[in-house]
Amino acid sequence: MSHFMHRRPRILFVLTLLHLGCPSSPTPTEIDAEQTASIDEDGDGVPNTEDCDDRDDQLGARDEDQDCDGLKAAQDCDDQDAQSFSREQDGDCDGYRPPEDCDDNNATIYPGADEDWEDGVDQDCDGNADSVCGDTRLGNIETCDDGNEANGDGCSSDCLIEAQCTEGCRTDADCVNEGERCIGEPGDVDGATGQCEQTNVSPEGLEAPCSLEVPCGPGLACLGAYAWDEGGWCVADWLAKDFYSHDLAELPEDGSSYSSSVVACGLASVPVDIVVYLHLDHPRPEDLVIELEDPNGQVGTVLQNQAWSPGPIIAQVGSGDDQVNGRWTLRVRDTVSGVSGTLTGWSLYLLSRWD
């Protein structure tokens, strides 16, 4: 009994010593944490827990390069987007690089940017600093731009409005070419003149039947092609003329009408074909009521709350036995508020006859 009592304390003493030995040695978990924190596989001085890619010494710490594209924030146009260019590649950081970007120091200038057609600067990098004649954009000294450089259509080859019915004749004596007469002077429009025309010409094909599908030959126009369902006959082309308005106006939204006029001259005495061409920029043309008033004060409908597409619109105005030369007025009224639009121009084709 005493033998066991003497050995038991010795065993406890040894166990106690084993338990208390080496108190400063780290646990296996602490050793693993220290080894992990110190790993720097690419040797760039940044631990793998902070490195964008610890196998690439060209990629550094995430806090200096948040999108890990190899560019520090000060070098990157957008440090949140790995697809963005460097500031060296894209100086104004607008997403475009030279030569595609024609001014890499100005973020408002890049391909597709909105163009200011009056400032002499090429914002959209298309090589055209301002509007040029024939591009349908009104700019600089242009007073019209109908998309071409032709003369005689109301807008000249240098995009200036051509005088219509202000340069012509008052009497036959003003006409210098043999056989010309002064025709169609509007008597009720101050400053308007007639036009010198060869009224005794007889082109080949005169009085031949015609229609829109079967047009007349050179020097002729088809009288009644628009007005008469059964077609008409060929007449001298001086009896037909186009008159243009290049007015550019925002249409009022208060229910009032916008008016624009052209003066017709150089025609015979009464109209047969009356055709209107509209140039509109309006999201809802069916909101519009458009009327045409002739020189005699008679009014006909051009468009009334209906769909519209570019092209000829035949207008019925008056009896057909009224004066054709004079002022024709287009009136446009927007019947629904809240949606605005613009009249960018219109033209009037008149084919006349003698009464």
Positive-pole candidate from ASN325, GLN298, PRO252, dipole of the range 242-353, charges at beta carbon: ASN325
For the chain: rounded, prolate or oblate by the Cα gyration tensor [a/c cutoff 1.5]: prolate
Two-site FRET efficiency, ILE314 against ASP124, from Cβ-Cβ distance with R₀ of 45 Å, rounded to 0.05: 0.70
5 angstrom amide H check on ASP76, placed H, neighbours 5+ away: ARG87
Potential extension, ASP116-GLU250 segment - 0.36 nm per residue separation minus Cα distance: 46.3 nm
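Do any chymotrypsin sites (Phe, Trp or Tyr not before Pro) in the range 264-355 lie in a loop, going by DSSP, with at most 12 other beta-carbon atoms within 10 Å of their beta carbon, and if so which? Don't skip to the answer; put the middle values down first.
Details: sites: TYR277, TRP308, TRP328, TRP346, TYR349, TRP354; in loops: TRP308, TRP354.
Within the range 264-355, the qualifying chymotrypsin sites (Phe, Trp or Tyr not before Pro) (loop, at most 12 other Cβ atoms within 10 Å) are TRP354.
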The range 242-353: relative contact order in percent, alpha carbon pairs under 8 Å with at least 6 residues between: 49
C-alpha center-to-center spacing [the range 141-218, the range 294-341] in angstrom: 23
Cα gyration tensor category, rounded, prolate or oblate, for the range 242-353 with a/c compared to 1.5: prolate
Net charge of Cβ neighbours under 15 Å - reference GLU253; Lys, Arg +1; Asp, Glu -1: -3
Efficiency of FRET from Cβ geometry, LEU206 and ASP229, R₀ 22 Å, rounded to 0.05: 0.45
Contour minus Cα-Cα distance for LEU160 and ASP190 (0.36 nm per residue): 8.6 nm
Within the chain, helix-based [θ] at 222 nm, where runs of 4 or more DSSP H residues each add -39,500 (n - 2.57), nearest 500: -2500 deg cm²/dmol
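Go through the range 230-310 and name the GluC sites (Glu not before Pro) that are in a DSSP coil and have 10 or fewer other Cβ atoms within 10 Å of their Cβ.
Here the sparse-neighbourhood loop sites are GLU230.
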0 to 90° range, to nearest 10: angle between helix 2-20 axis and the chain longest Cα axis: 30
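Rounded, prolate or oblate, given the Cα gyration tensor of the range 188-246, with a/c below 1.5 counting as rounded?
oblate
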For SER269, distant residues with modelled amide H under 5 Å away: ARG353, TRP354, ASP355
Spin-label proximity, GLU50 to the range 66-106 - amide N less than 19 Å from point 7 Å beyond Cα toward beta carbon: 66-74
Two-site label geometry, GLN298 and ARG284: point separation in nm, points 7 Å out along Cα→Cβ: 3.5
Computed over the chain: relative contact order in percent, which uses C-alpha pairs under 8 Å that are six or more apart: 11
Karplus-derived 3J(HN,Hα), 6.51/-1.76/1.60, for each residue of the range 252-257, Hz, glycine and proline x: x, 9, 9, x, 7, 9
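What FRET efficiency would be calculated for the residue pair THR171, ASN151, taking the C-beta separation as r and a Förster radius of 30 Å, to the nearest 0.05?
Taking R0 as 30 Å, the efficiency between THR171 and ASN151 is 0.70.
So if each residue of separation counts as 0.36 nm, and I subtract the Cα-Cα distance between ARG62 and VAL336, what length gain in nm does that give?
Residue separation times 0.36 nm, minus the Cα-Cα distance, leaves 92.8 nm.
All of the numbers you see were taken from the coordinates with simple rules; none came from a lab. Keep in mind that what you see is a predicted model, and the values were worked out from it rather than measured. In this analysis, Cβ positions are derived from the backbone assuming ideal geometry, glycine residues included, and neighbour counts consider all displayed protein chains.
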